[in-house]
Amino acid sequence: MYYTDRGIEELEQRRGDEQVSLSWLAGRLQTFTDLNPEFETAVDRLATWLARLDDEDDDSED
C-alpha cells in the first residue's frame with residue numbers, strides 16, 4: 001500500500017457499502033474545494049477524468 005492510498009482505503013472501509021448519486025459527489029467535491037482551494041486543480045482533474053471515462057475520443061485530443 002502506498003501512503004497516498006490510505007485515504008482511499010479509509011473511504012472504502014467506512015463508506016464502501018453506501019450508494020450515492022454523482023450529484024451528491026459533485027456537491028461534496030465543490031464543498032471540499034471551497035474549504036481547500038489549494039486542491040482545486042487536483043479535484044477538477046479527478047472530476048473531469050470521472051466525467052469522461054466513457055469517452056473513446058478523449059485520448060485522441062491529447
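The values are calculated or read from the model by the stated rules, or taken from the named source; none is laboratory data. Note that this is a predicted model, so its numbers are computed, not measured. Methodologically, a virtual Cβ is constructed for each residue, glycine included, from the backbone with ideal geometry; neighbour enumeration extends over all protein chains shown. Calculation scope for accessible area: heavy atoms of the full protein, side chains included, ligands and nucleic acids excluded. Shrake-Rupley method; radii C 1.70, N 1.55, O 1.52, S 1.80 Å.
Some observations on this one:
- Heavy-atom surface of the chain, accessible at 1.4 Å and reported per residue (Å²): 99 Å²
- Summed side-chain charge close to Ser21 - residues other than Ser21 whose Cβ falls under 15 Å, Lys, Arg +1, Asp, Glu -1: +1
- Counting only protein heavy atoms and a probe of 1.4 Å, the accessible surface of region 1-46 is 51% carbon and sulfur.
- Local net charge near Arg6, Cβ-Cβ under 13 Å (Lys/Arg +1, Asp/Glu -1): -3
- Angle between the chain longest axis and helix 22-35 axis [Cα atoms, degrees, rounded to 10]: 80 degrees
- A viscosity of 0.692 mPa s and a temperature of 37 °C, combined with the Kirkwood radius over C-alpha pairs in the Stokes-Einstein formula, give the chain a diffusion coefficient of 241 µm²/s.
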